[in-house]
There are 2 protein chains.
Amino acid sequence: MSSSVTKGRLYGVGLGPGDPELVTLKSLKAVQSAPVVAWFAKRGKKGHARTIAEGMIPEGSIELSLIYPVTTEIPHTDPEYNRQLAAFYDEASALLADHLEAGRDVALLCEGDPLFYGSFMHPYMRLKDRYDVTICPGVTGMSGCWTANGVPMTWGDDVLSILPGTLPSDELTKRLDLADAVVVMKLGKNFQKVRNVIEKKGLLQRSFYIERGTMTGEIVMPLADKTDGVAPYFSMIIIPGEGRRPE
Amino acid sequence: MSSSVTKGRLYGVGLGPGDPELVTLKSLKAVQSAPVVAWFAKRGKKGHARTIAEGMIPEGSIELSLIYPVTTEIPHTDPEYNRQLAAFYDEASALLADHLEAGRDVALLCEGDPLFYGSFMHPYMRLKDRYDVTICPGVTGMSGCWTANGVPMTWGDDVLSILPGTLPSDELTKRLDLADAVVVMKLGKNFQKVRNVIEKKGLLQRSFYIERGTMTGEIVMPLADKTDGVAPYFSMIIIPGEGRRPE
């Protein structure tokens with residue numbers, strides 16, 4: 001009997017930076033047509049992706065939340081973090097596979113763009129050889145942030161580097177030296193270190209701090225004015241390029 | 001009389017990488033509601049942005065094509081290139097301003113994301129202090145390309161660098177040294193130089209060549225297999241990152 005069932009298709013659904021209006025037609029269709037809608041979230045939270053999709057999920061959809069066992073309680077460098085996360089992604093992939101085996105398409109919701117630092121990539125690597133997959137790219141969180149900032153990000157032949165705030169100061173410095181435009185993500189407790197490096201490089205006056213870009217509670221300010229040293233997960237520093245422009 | 005007219009609003013409308021399904025709800029609404037729809041194009045061409053928007057523009061809209069006086073006929077380094085382009089952007093901005101002054105909203109169509117290497121930025125800088133502007137971010141062309149490639153682009157703490165193929169070989173090499181994941185744009189006549197640098201760095205087996213990502217005629221192949229040395233404007237080389245992933 002079960003051999004006659006056509007397997008379901010996995011959709012990696014990029015939902016953009018936060019504003020539901022920034023969802024693409026393709027992603028909206030995937031959310032509306034797949035009988036199963038799944039997403040990752042931290043324990044006790046609704047999840048950013050699920051929040052964006054509010055109002056798009058048809059009544060009667062099967063909703064499947066995949067709750068991280070750990071986020072920042074254990075450092076990323078601890079092997080235990082790795083072990084717990086790997087086991088979690090295996091288990092989450094098995095839950096998704098159950099629906100796919102039963103012939104149900106699954107829309108896995110992703111904030112931003114699925115293949116750009118997305119959790120989607122973990123089940124994707126585990127399932128892509130067994131099931132059909134459609135990836136719906138999305139507007140990235142950084143694009144939402146530089147749009148909120150309203151300053152052109154890259155001109156002409158500008159080099160843009162996207163840097164994690166986790167890099168040590170000397171590594172950040174080396175990369176700032178070779179970039180015209182910069183996005184720094186993963187600020188959190190790295191914020192003050194990153195700001196110090198940017199100030200030392202003389203780039204403070206060109207830099208902006210953006211929090212919750214395109215979302216409720218959006219904050220956009222010159223980095224020079226951000227002196228409290230505190231930056232949540234959904235924040236970025238951006239340094240727009242100043243490259244070739246005919247004027 | 002004219003002082004009583006409410007000025008129009010300029011919309012910078014990101015239309016994504018090429019597939020019309022990758023347009024956002026916000027951009028679609030802007031195209032459908034603005035009485036004037038404008039776009040940049042090369043002489044004799046429909047224009048990539050206008051092609052994506054085909055079928056979205058309501059009947060009766062005022063359509064305004066802004067035709068570049070020059071594209072690759074004069075090198076970018078020639079002051080004459082700069083002079084002609086600056087004059088063109090001034091003139092294009094004046095045409096847009098005529099509609100805005102008359103109270104008509106203008107949707108300026110942009111392939112990809114308006115603030116990411118977009119021509120939109122030129123009229124934007126000229127008009128933003130005189131008119132209200134709404135920028136609708138879009139899925140970038142590079143995101144369309146790495147989605148077409150189907151390989152996760154950045155993991156964990158990967159550094160992503162976006163490089164123009166116009167950089168000299170030694171400058172490309174320096175930046176490849178400090179990046180985990182790479183996108184090289186503006187290939188064209190720079191293609192073979194870029195490929196040589198990547199091969200010399202031992203990165204050829206990790207690299208992909210993508211042409212017309214998400215569009216009709218899309219080509220995705222390992223860069224190692226791309227041996228003809230010919231790459232059109234809508235092409236990219238991408239080197240996916242291999243960073244932290246719990247498995």
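The values are calculated or read from the model by the stated rules, or taken from the named source; none is laboratory data. Since the structure is predicted, the reported quantities are computational estimates derived from the model, not experimental observations. We place every Cβ from the backbone using ideal geometry, glycine too, and count neighbours over all the protein chains shown. These accessible areas exclude ligands, DNA and RNA; they are computed on the full protein's heavy atoms, side chains included. Shrake-Rupley method; radii C 1.70, N 1.55, O 1.52, S 1.80 Å.
The strands (runs of 3 or more DSSP E) falling completely within the stretch A:5-79 that include 3 or more residues that are within 24 Å of A:THR216 (Cβ to Cβ) map to A:36-41, A:62-67.
Check A:ASP180, A:ASP113 and return the single one that is among the charged types (D, E, K, R), in contact (Cβ under 8 Å) with a residue 60 or more places away in the chain and within 8 Å of another protein chain (Cβ to nearest Cβ).
The match here is A:ASP113.
Scan the stretch A:156-175 for residues that are within 16 Å of A:GLY243 (Cβ to Cβ) and more than 7 Å from every other protein chain (Cβ to nearest Cβ) and report the count.
2
Considering B:ALA102, B:ALA97, the condition of being surrounded by fewer than 17 Cβ atoms within 10 Å (Cβ to Cβ), over 17 Å from the mean Cα position of the chain (by Cα) and either more than 12 Å from chain A (Cβ to nearest Cβ) or among the small types (Gly, Ala, Ser) (or both) is satisfied by B:ALA102 alone.
Considering only residues that are in a strand (DSSP E or B) and more than 17 Å from B:GLU63 (Cβ to Cβ), which ones fall in the stretch B:86-143?
Scanning the stretch B:86-143 gives B:GLY112, B:PHE116, B:VAL133, B:THR134, B:ILE135, B:CYS136.
Scanning for something in contact (Cβ under 8 Å) with a residue 12 or more places away in the chain, surrounded by fewer than 19 Cβ atoms within 10 Å (Cβ to Cβ) and either within 14 Å of another protein chain (Cβ to nearest Cβ) or not in a strand (DSSP E or B) (or both), does the stretch B:234-241 turn up at least one residue? No, because not a single residue in the stretch B:234-241 is in contact (Cβ under 8 Å) with a residue 12 or more places away in the chain, surrounded by fewer than 19 Cβ atoms within 10 Å (Cβ to Cβ) and either within 14 Å of another protein chain (Cβ to nearest Cβ) or not in a strand (DSSP E or B) (or both).
When the residues of the stretch A:2-21 are filtered to those that are open to solvent by 50 Å² or more (accessible area, probe 1.4 Å) and among the charged types (D, E, K, R), the one that is farthest from the other protein chains (Cβ to nearest Cβ) is A:LYS7.
Selection of the stretch A:22-78 for residues being charged (D, E, K, R), open to solvent by less than 50 Å² (accessible area, probe 1.4 Å) and either within 14 Å of another protein chain (Cβ to nearest Cβ) or more than 24 Å from A:ALA148 (Cβ to Cβ) (or both) yields an empty set.
Could you go through the stretch B:133-142 and let me know if any residue there is farther than 15 Å from A:TRP146 by Cβ and open to solvent by 50 Å² or more (accessible area, probe 1.4 Å). Even if it seems obvious, please write down each step before you answer.
Applying the first criterion (farther than 15 Å from A:TRP146 by Cβ) to the stretch B:133-142 yields B:141.
The next check asks that each one be open to solvent by 50 Å² or more (accessible area, probe 1.4 Å); those that pass are none.
No, that holds for no residue.
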